[in-house]
Every structure is written in C-alpha cells, then in structure tokens.
Amino acid sequence: MARVRTGVLISGRGSNLQALLDAAANPDFPAEIVCVISNRPGAGGLARAEAAGIAALTVDHKAFGTREAFENALHAELQNQGVELVCLAGFMRLLTPGFVNRWTGRMLNIHPSLLPSFKGVDTHQRALDAGVKLTGASVHFVSAEMDAGPIIGQAAIPVLPGDDADALAARVLGAEHQLYPECLRQVASGEARLEGGHVILAHAAAPQALLVNPPPRS
Ligand code: GRF
C-alpha cells in the first residue's frame, strides 16, 4: 500500500517531529515523512530531519510582507514535495482560514492540554492555576479556530504535588511522543475519519488502565 506523503511544520526543537520520524522509519507505518519545513531559520528540528535524510526546508515568515504571502510560499513548498497530509509539530504561527481550508481534514496539530481546556499559550501554568488533577495532550484536525478542530486522540497524565510548569510540560511531552505517532497512524491508514465534525475511529480499543488522581488506596 502506498504510504501517505506527509509534511511536518515546525518552529523549534522538534521532539514531536522526532517521534513521528521514528515511527515512520518503519516501512509498515502508513505515513512517510517527505519533508520538514520550519518558519524559523536554524530551528533544532531541521537537524533532526537532515539526520533522517529528509528534506529540511525553511520558509522564513519574516521574509514575507503579509501572512498570506508567507502561507502561499508554504503551500507551494508543500505542493512541490507532493505532500498529502500535514502535521503541525510545535509550529508557532497562526494560520489564516484561507490556508487552513486548503488542508481541511488533511492537517493535524498537537496541543499540550486536554482540549477543549487550556487552548493557546501558557497551557501548563494555566492548568496549574486551575488546580486540575489530570492534564495531557490532544491531537486534532486543524480548523480555522485555534486549537478547536475535531479531536483525533488524547493522552492524560496526572498533575503531581510540587509540579511547576516546566515539570508538567516535560511529563506531558513524554505523552505527546506516544500520542502523535498513533494519531498519525490512525489518520494515514484511514482508521480515523471525519464525520459530521467528529472523528470516528474504526478500531477504537479501550485503554488498559483507568487513571485516577489521587489514586485510591487499597
Ligand atoms: C509541544 O509541547 C507541542 O504540543 C506544542 O509545542 C511543543 C513543541 O515541542 N505545540 P517540540 O518542538 O515538538 O519538541
């Protein structure tokens, strides 16, 4: 079966990109990462792409007069590379509805919270301020409204006594690295599909464990 040609957009260190590259290194994985594009020159993730032998490109948003001009260049590059599916992985530019609509149902994002809670930036500090006892990460299809598109999958982790935003971010990041490749697998294989604004999973299996925080004492 042909693998789905996937482009990853990044702005920074690219640890989620790495998780996707590692998963896609298996020839049985239904998505192939064909290019990585950063809007920031020198982003750490570009070196990860190069190390994996994958096209590492920069489309510097600062080189364009308008958001639309930047996005047109991005779109042209994705088309040059024959990209069918886009994964945003720590891509820190807001995308206009014009761009998002060109990729409806074909663009994924990962956000470090259990959406719809804590959309936007400073998620971990806001989770701490709210006093939630579980938080996590969500992978969703991108819609015009930020962090609001149909959810494909989520991973939950406990908030522990003494956590600060950095400690929480690190624990959530570990969950992200497990979640994102699985969600990409689901979408690329066609097991996850959009129906009526929700994502339907063809083979949804119940997770092994119930996460209760604080854990009940036996
Ligand atoms: C991740 O926490 C991701 O959820 C958020 O930005 C961070 C990117 O980290 N959107 P990395 O570049 O993948 O290491």
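The values are calculated or read from the model by the stated rules, or taken from the named source; none is laboratory data. Note that the coordinates shown come from a computational prediction; the quantities given were computed from them, not determined experimentally. Virtual Cβ from ideal backbone geometry, glycine too; neighbours counted across all protein chains shown. Surface accessibility is based on the protein's heavy atoms, side chains included, excluding ligands, DNA and RNA. Shrake-Rupley method; radii C 1.70, N 1.55, O 1.52, S 1.80 Å.
In segment 24-42, which residue that is among the hydrophobic types (A, V, I, L, M, F, W, C) and open to solvent by less than 30 Å² (accessible area, probe 1.4 Å) is nearest to the ligand (Cβ to nearest atom)?
First, pick out the residues of segment 24-42 that are among the hydrophobic types (A, V, I, L, M, F, W, C): 24-25, 29, 31, 33-37.
When the remaining residues are screened for being open to solvent by less than 30 Å² (accessible area, probe 1.4 Å), the result is 24, 29, 31, 33-37.
On the way: A24: 15, F29: 18, A31: 17, I33: 14, V34: 18, C35: 16, V36: 11, I37: 13 Å.
Result: V36.
Count, please, the residues in segment 186-218 that happen to be touching a strand residue (DSSP E or B) at 6+ places or on another chain (Cβ under 7 Å) and among the acidic types (D, E).
Summing the residues that are touching a strand residue (DSSP E or B) at 6+ places or on another chain (Cβ under 7 Å) and among the acidic types (D, E) in segment 186-218 gives 1.
So which pairs qualify, if the first residue must be in segment 72-98 and modelled with pLDDT of 95 or more, the second must be open to solvent by 30 Å² or more (accessible area, probe 1.4 Å) and hydroxyl-bearing (S, T, Y), the Cβ gap must be under 6 Å, and the two must be at least 6 apart or on different chains?
none
Return the only residue of L21, L9, L17 being within 14 Å of the ligand (Cβ to nearest atom), assigned to a helix (DSSP H, G or I), open to solvent by less than 20 Å² (accessible area, probe 1.4 Å) and within 24 Å of T96 (Cα to Cα).
L17
Residues to consider are I200, I152; find the one that is open to solvent by less than 30 Å² (accessible area, probe 1.4 Å) and of a type outside the set (D, E).
I152
Is at least one residue of segment 76-85 within 15 Å of the ligand (Cβ to nearest atom) and either open to solvent by less than 80 Å² (accessible area, probe 1.4 Å) or not in a loop (DSSP other than H, G, I, E, B) (or both)?
Among the residues of segment 76-85, not one is within 15 Å of the ligand (Cβ to nearest atom) and either open to solvent by less than 80 Å² (accessible area, probe 1.4 Å) or not in a loop (DSSP other than H, G, I, E, B) (or both), which makes the answer no.
Residues that are among the small types (G, A, S), under 28 Å from P216 (Cβ atoms) and away from the ligand (no atom under 12 Å from the Cβ): does segment 162-179 have at least one?
Looking through segment 162-179, at least one residue is among the small types (G, A, S), under 28 Å from P216 (Cβ atoms) and away from the ligand (no atom under 12 Å from the Cβ).
Need at least 1 residues that are among the hydroxyl-bearing types (S, T, Y) and in contact with a strand residue (DSSP E or B) (Cβ under 6 Å, 6 or more places away or on another chain) per element, so show me which strands (runs of 3 or more DSSP E) inside segment 102-168 make the cut, counting only ones lying wholly within it.
Correct list: 134-141.
When both residues are 6+ apart or on different chains and their Cβ atoms are under 7 Å apart, which pairs have a first residue that lies in segment 114-133 and is at positive phi, and a second that is of a type outside the set (D, E)?
Qualifying pairs under 7 Å: F118/R126; F118/A127; G120/M146.
Let me spell it out: the conditions are (1) hydrophobic (A, V, I, L, M, F, W, C); (2) out of contact with any His (no Cβ under 6 Å at 6 or more places or on another chain); (3) open to solvent by less than 40 Å² (accessible area, probe 1.4 Å), and A169 meets all of them except one. Which number is the exception?
Result: A169 passes all but (2).
Go through segment 43-61 and report how many residues are touching a Lys or Arg at 6+ places or on another chain (Cβ under 9 Å) and either away from the ligand (no atom under 16 Å from the Cβ) or over 25 Å from A23 (Cβ atoms) (or both).
Counting residues in segment 43-61 that are touching a Lys or Arg at 6+ places or on another chain (Cβ under 9 Å) and either away from the ligand (no atom under 16 Å from the Cβ) or over 25 Å from A23 (Cβ atoms) (or both) gives 2.
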